[in-house]
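Just so you know, all these numbers are worked out from the coordinates, no wet-lab data involved. Just so it is clear, the model here is predicted, and its values are computed rather than measured.
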Amino acid sequence: MPPDDEYLIRERVLTEHRAGNIGEVERLVLRITRQARVEGFDLQPETVRVCQELMEGRVRARAL
């Protein structure tokens, strides 16, 4: 996935969250995380942060 595509999906996730469309937020987060897993690439740190905050209510602690 090109970085600008990831950026656009991340911005859409934030927009849907602000609009209160939780089902669409969940669908988009699952889409982008599944695509990253299938295609074997890492999501940008900002995308990971947004997904964790919106889906889990917080950012996960990272192992050192």
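General remarks:
- The amide H of N21, built 1.01 Å from its N in the peptide plane, has no neighbour under 5 Å, considering only residues 5 or more places off or on other chains.
- Relative contact order %, the range 3-56, counting alpha carbon pairs below 8 Å whose residues are six or more apart: 40 percent
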